[in-house]
């Protein structure tokens, strides 16, 4: 700085380098959760879930561990080293 060199200092950014390894596991868990939720809703009407008609991967929300932030485009927060990852699965079931 004394020699006229500009120095810019930014906060560190934290990326999880193995997120692709987790995606399949997280989508599996999200799909199971979708079936449990659908079953709970249908129970009140004495119906139950049938076969899956369609399934689509939704967005991933990678947020600070205590965050409630969500976005329809997904979030990848790099400000915090501790992260929470949420996967969204859109599942359509037949009703029995």
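The values are calculated or read from the model by the stated rules, or taken from the named source; none is laboratory data. Being a predicted model, the structure only gives us computed values, none of them experimental. With ideal geometry, Cβ positions are generated from the backbone for all residues, glycine too; neighbour counts draw on all protein chains shown.
A few comments on the model shown:
- Odd one out for residue 37, checked against (1) modelled with pLDDT of 90 or more; (2) surrounded by fewer than 14 Cβ atoms within 10 Å (Cβ to Cβ); (3) within 14 Å of the chain's Cα centre (by Cα): (3)
- For the stretch 40-58, the candidate set comprises residues that are under 21 Å from the mean Cα position of the chain (by Cα) and surrounded by fewer than 13 Cβ atoms within 10 Å (Cβ to Cβ); within that set, the residue that is farthest from residue 76 (Cα to Cα) is 54.
- Residue satisfying condition, being out of contact with any helix residue (DSSP H, G or I) (no Cβ under 6 Å at 6 or more places or on another chain), loosely packed, with under 11 Cβ neighbours inside 10 Å and either in a loop (DSSP other than H, G, I, E, B) or touching a residue at least 12 places away in the same chain (Cβ under 8 Å) (or both), within set 21, 10: 10
- Residue list for the stretch 34-74, filter: assigned to a helix (DSSP H, G or I) and without any contact (Cβ under 8 Å) to a residue 40 or more places away in the chain: 36, 37, 39, 40, 41, 43
- Residue among 28, 79 that alone is assigned to a loop (DSSP other than H, G, I, E, B), surrounded by 11 or more Cβ atoms within 10 Å (Cβ to Cβ) and either under 21 Å from the mean Cα position of the chain (by Cα) or at pLDDT 90 or above (or both): 79
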